[in-house]
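Trainee: One structure, as structure tokens, below. Some questions next.
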Amino acid sequence: MQNRIQQLTLEVVANTTVTEQHLEPDTPVEAAFSKANGFFQPLSWRSLTIWQDARSYQILFLGCFLVVGISTRDWSLRPEVIGAAIATCLTTQWLAVSWQNKISPLHFLFLSDFQTSDSDSSLGKPPIKWSLPSALITALGLSLLLRVDHVTTMMLASTLAILSKFVLKIRGKHVFNPANFGILAVVLLTHDAWISPGQWGEDGWYALMFAGAGALVLQRVGRWDTTAAFLGSYALLEAVRNLWLGWTWDVFLHRLMSGSLLLFALFLITDPRSIPNARTGRLIWAVAIAILTFILRNHFFITTAGFWALFALSPLSVLLDLVWSAPRFSWLQPSPPLPIAETAATPNTAIPAPYFQA
């Protein structure tokens, strides 16, 4: 009798028409399931692995870039400055999240599963510890892009960068990119901070390294369109200028092979928490940044044009979200649904919604 029930169940599942759900990268997770003992059960934040979070890849690659830059470019970057950036960003994030959720900061030391009030996924509210990778990414970005004479200046930049996420936001969205905000804040407020856009030089292998790592991260985050729109628009403008001035194409390639430009395009303007949610909005936003960067660099001769263009046009992201609405980005993205053959492997197995890959 039991075998007959199992056979009928398999036939029903096999004959069921499953409509695939084509989810855009910025579609929030409606449901997530994990396969355990032949059943699909809801996932919780506790059951997710570190590599299901795209931020893990960003941390890995930014850390590698930092090591490569120090070892091959002879940067004057002291270990205590990097340590200060990381410690300050993590501490500020911890205190800010604790204040936002109206709990004692000491609770984090004993209640690692305490949940935050900011949830963007049906997986439930993430614990406080899930907000710390974002702070670490900001710290690594500051270490890569900002140069200071004093440790206290880096600590100030780190504090302002993290606090901007909690203070300068509209409808739960960051108005400014945290790292970019912290960098420009200390450049304006102090006299011992600067940006060194030429620190990577124009070596081709740096460009290949950035492009390869950036492509992997953008594939996980789903924001490749922003980088493509920015680089495509900026390259077109530089090509027109190159033809107008009658220069050789070596000059054109020299201006596009800057490691700092690629780092900016692949990792800074693609922060999914501070850029438009809808693809149309992202494309318009990226093209606008490329145009302003081109003007500032070639007309006003500002070598750090990209940073100022991003800062000036960041508030435009909020306006574009009002025109083209889309669900807010979630760091944990769904994968395609299981094939019918897998779902029919055992009886009593419901056809799942998109689930996370292990």
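The values are calculated or read from the model by the stated rules, or taken from the named source; none is laboratory data. From a predicted model like this one, the values you see are computed outputs, not experimental measurements. Every residue, glycine among them, receives a Cβ derived from its backbone with ideal geometry; neighbour counts consider all protein chains shown.
Trainee: Consider the stretch 84-139. How many of its residues are out of contact with any His (no Cβ under 9 Å at 6 or more places or on another chain), in a helix (DSSP H, G or I) and either crowded, with 16+ Cβ neighbours inside 10 Å or at pLDDT 55 or above (or both)?
Mentor: Selection size over the stretch 84-139: 29.
Trainee: Can you confirm whether the stretch 229-241 contains a residue that is under 13 Å from the mean Cα position of the chain (by Cα), assigned to a helix (DSSP H, G or I) and closer than 20 Å to Phe311 by Cα?
Mentor: no
Trainee: Tell me which residues, restricted to the stretch 140-165, are in a helix (DSSP H, G or I), crowded, with 21+ Cβ neighbours inside 10 Å and touching a residue at least 60 places away in the same chain (Cβ under 8 Å).
Mentor: Leu140, Gly141, Ser143, Leu144, Leu145, Met154, Ala157, Ser158, Ala161, Ile162, Lys165
Trainee: Can you say whether Gly212 is assigned to a loop (DSSP other than H, G, I, E, B) and at pLDDT below 95, as far as the supplied structure shows?
Mentor: no
Trainee: Of everything in the stretch 311-325, what is in contact with a Ser or Thr (Cβ under 8 Å, 6 or more places away or on another chain) and either surrounded by fewer than 19 Cβ atoms within 10 Å (Cβ to Cβ) or closer than 23 Å to Ala239 by Cβ (or both)? Give them in sequence order.
Mentor: Hit for the stretch 311-325 is Trp324, nothing else.
Trainee: Same structure again: Restricting the search to the stretch 292-317, which residues are more than 18 Å from the chain's Cα centre (by Cα) and closer than 17 Å to Leu266 by Cα?
Mentor: Thr293, Thr304, Ala305, Trp308, Ala309
Trainee: So which residues in the stretch 166-180 are assigned to a helix (DSSP H, G or I), touching a residue at least 60 places away in the same chain (Cβ under 8 Å) and farther than 15 Å from Leu268 by Cβ, if there are any at all?
Mentor: Once the filter is applied, which keeps residues that are assigned to a helix (DSSP H, G or I), touching a residue at least 60 places away in the same chain (Cβ under 8 Å) and farther than 15 Å from Leu268 by Cβ, the stretch 166-180 yields only Phe166.
Trainee: What are the pairs with Cβ atoms under 6 angstrom where one residue, in the stretch 221-250, is surrounded by 14 or more Cβ atoms within 10 Å (Cβ to Cβ) and the other, located anywhere, is among the basic types (Lys, Arg) and assigned to a helix (DSSP H, G or I)? Sequence gap at least six, or different chains.
Mentor: Listed pairs, sorted by first residue: Asp225/Arg279; Asp225/Arg282; Thr226/Arg282; Glu238/Arg255.
For every residue, the table says whether it meets (1) more than 21 Å from the chain's Cα centre (by Cα); (2) hydrophobic (A, V, I, L, M, F, W, C); (3) at pLDDT 90 or above.
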position	(1), (2), (3)
Val148	yes, yes, yes
Ala157	no, yes, yes
Ile162	no, yes, yes
Val167	no, yes, yes
Ile170	no, yes, no
Asn177	no, no, yes
Phe181	no, yes, yes
Leu184	no, yes, yes
His191	yes, no, yes
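Trainee: OK, next. Given (1) part of a helix (DSSP H, G or I); (2) modelled with pLDDT of 85 or more, where does Ser274 come up short, assuming only one miss?
Mentor: (1)
Trainee: Also, quick follow-up: Kindly indicate whether any position in the stretch 274-295 is within 11 Å of Leu231 (Cβ to Cβ), among the aromatic types (Phe, Trp, Tyr) and buried (at least 20 other Cβ atoms within 10 Å of the Cβ).
Mentor: No, the conditions are met nowhere in the stretch 274-295.
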